[in-house]
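Worksheet: one structure, shown below.
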Amino acid sequence: MSDRFADYGRPRKVDGGLKARSTRGAIGRSWWSRRFLEVLESFALGTRLTRGRSYARAGQVVRLDITPGMVSAVVQGSRAQPYQVRIELTPFPAALWSRVEAELAAQAFFSARLLAGDLPEELEELFAAAGAPLFPGGIAELEQRCSCPDFAVPCKHLAATFYLLAEAFDADPFQLLHWRGRDRAELLDRLRVLRAGADSATAEPRDGNRAPGAGAPAAGPGPSTVEPAVGTAGTDAPPVGAARALAGLPSAPLAEAVDRFWLPPVPLPDRPPSLVTGPDLLLRQLGAPAPAIGGPGLVERLRRAYRLLGR
């Protein structure tokens with residue numbers, strides 16, 4: 001019995017533990033890490049989560065690993081043997097990821113931001129529309145396990161893991177997507193392939209690649225079509241950059257092509273990027289309220305209420 005209650009004493013100091021970068025105030029700098037903690041605290045876990053904040057800042061988390069569907073950690077408590085922590089979240093199946101990747105690749109805005117290593121806030125809405133919400137919708141979606149004798153869920157060891165996980169998302173936003181089943185390299189490779197396929201599908205055929213009898217200009221002196229861009233003559237590579245845009249323009253005088261002059265040489269995407277101003281716009285600009293009136297979890301509850309009222 002005494003051994004069990006020994007766990008509630010002071011934790012053993014750890015050399016080289018993972019310390020939270022935040023030494024005071026809220027943890028989480030990016031929108032995605034703040035949203036992650038807001039969602040957790042909206043499950044009425046606020047007081048239980050705060051118990052692990054001091055553990056996270058003291059460096060009691062010895063190891064943290066993120067794999068598809070699983071976060072595992074080793075947390076040092078007051079006993080000699082560290083505790084094993086596991087947080088499971090069902091990863092998205094391959095078919096769902098394919099749908100999400102197609103949506104991302106269809107909009108250059110998302111592809112550019114992801115390739116630059118950033119997660120735009122609009123990404124959360126895109127994932128939700130594709131049936132793949134980034135964040136858990138209920139506490140039942142998370143399976144939490146700790147080898148400590150504390151019956152509370154989350155215990156302070158799980159809570160410390162949550163805080164370090166949020167900071168891991170700060171450092172590398174792709175860790176959040178990795179937890180959901182797709183690592184950075186695989187996702188970016190898929191987007192490059194899909195974007196390349198979309199670009200080649202919209203590219204105009206060059207005059208030099210026309211089949212015989214397809215209206216190719218006659219050889220000999222006289223007016224000709226637009227010359228190939230420098231560096232592309234004598235090769236089969238499709239034009240790129242400005243050359244690709246110019247390749248589809250007519251060589252006739254402007255008066256004979258006025259009906260096409262204002263048309264884009266490259267088709268525009270079906271869903272151009274747009275700024276979304278939902279009913280929770282003001283909540284995005286305000287800081288988290290004080291713990292006495294609900295803390296960060298209140299923001300998430302208000303956000304859900306505003307979205308319901310805005311329908």
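The values are calculated or read from the model by the stated rules, or taken from the named source; none is laboratory data. Predicted model only: the values in this text are computed from it and were never measured. Cβ atoms come from the backbone with ideal geometry, glycine included; neighbour counts cover every protein chain shown.
For region 50-96, taking the residues that are more than 20 Å from the chain's Cα centre (by Cα), assigned to a helix (DSSP H, G or I) and not β-branched (Val, Ile, Thr), the one that is farthest from Phe36 (Cα to Cα) is identified as Ala58.
Whenever a residue of region 121-148 is within 16 Å of Ser42 (Cα to Cα), its partners that are of a type in the set (D, E, K, R) and surrounded by 18 or more Cβ atoms within 10 Å (Cβ to Cβ), lying with C-beta atoms within less than 9 angstrom and at least six residues away or across chains, give the pairs Leu134/Arg35; Leu134/Arg180; Phe135/Arg35; Phe135/Glu38.
Looking across Leu64, Leu119, Leu114, Leu96, one residue alone is closer than 17 Å to Phe169 by Cβ and at pLDDT 90 or above. It is Leu64. If only residues of region 137-148 that are in contact with a helix residue (DSSP H, G or I) (Cβ under 7 Å, 6 or more places away or on another chain) and modelled with pLDDT of 90 or more are counted, the one that is surrounded by the fewest Cβ atoms within 10 Å (Cβ to Cβ) is Gln144. Count of region 97-136 residues, restricted to those that are under 15 Å from Leu187 (Cα atoms), among the acidic types (Asp, Glu) and under 11 Å from the mean Cα position of the chain (by Cα), is 1.
Set side by side, the residues Leu165, Leu119, Leu123 differ, and just one is in contact with a helix residue (DSSP H, G or I) (Cβ under 7 Å, 6 or more places away or on another chain) and assigned to a helix (DSSP H, G or I), which is Leu123.
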